[in-house]
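The values are calculated or read from the model by the stated rules, or taken from the named source; none is laboratory data. Here the structure is a predicted model, which is why all the values come from computation and not from measurement. Cβ coordinates were reconstructed from backbone atoms using ideal geometry, including for glycine residues, and neighbour counts include every protein chain displayed.
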């Protein structure tokens, strides 16, 4: 049973309706997380804007999805794991093995592995990384701009993980559970 309800898009009004209409036109559906966030148009708009900005960043869509899986697994967010497993496979065309590895913070590509590792270090240390942590990710070839984007992705995904875990958002994707790796 969800703790916060998802708003029916047909019943939305004002700014929430405007945001839902934009989501519907882009995705063809308004996912439950966004329908639930719609209780606060400020939150929904902030989420949508940061998500859109990061999607055009240097890390790219594929790495963004892999980061979402790493962070979602660390924060035990079944909603986000379900959504990003689906998006990663069906829309970004990432193979199942790569998706599974990302949930463990691993990647075959050295640069992507460094990105996922740094994300987990950020989570573990609550952002209070040290010089060696930053030098390690720089040594893997990441620029300061890319490091900033990793921090942005962590922030965005912590927001959605905490939101969905607190709201107990109904999962509207094929269900993936934290801790249940194939």
Task: Residues of the stretch 153-182 satisfying the condition of being closer than 17 Å to residue 56 by Cβ, surrounded by fewer than 17 Cβ atoms within 10 Å (Cβ to Cβ) and in contact with a helix residue (DSSP H, G or I) (Cβ under 6 Å, 6 or more places away or on another chain) - done: none
Open item on the list: Return the residues of the stretch 49-93 that are at positive phi and free of Cβ contacts under 8 Å to residues at least 40 places away in the same chain; say none if nothing qualifies.
Closed with: 60, 93
Task: Selection status of residue 43, closer than 14 Å to residue 163 by Cα, in a helix (DSSP H, G or I) and modelled with pLDDT of 95 or more - done: yes
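Is there a residue being within 18 Å of residue 151 (Cα to Cα) and surrounded by fewer than 17 Cβ atoms within 10 Å (Cβ to Cβ) anywhere in the stretch 26-47?
yes
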Open item on the list: Among the residues of the stretch 76-85, are any touching a helix residue (DSSP H, G or I) at 6+ places or on another chain (Cβ under 8 Å), in the same structural domain as residue 66 (by TED's automatic domain parsing) and either over 19 Å from residue 47 (Cα atoms) or surrounded by fewer than 16 Cβ atoms within 10 Å (Cβ to Cβ) (or both)?
Closed with: yes
Open item on the list: Can you confirm whether residue 106 is closer than 27 Å to residue 6 by Cβ, in contact with a helix residue (DSSP H, G or I) (Cβ under 7 Å, 6 or more places away or on another chain) and surrounded by fewer than 19 Cβ atoms within 10 Å (Cβ to Cβ)?
Closed with: no
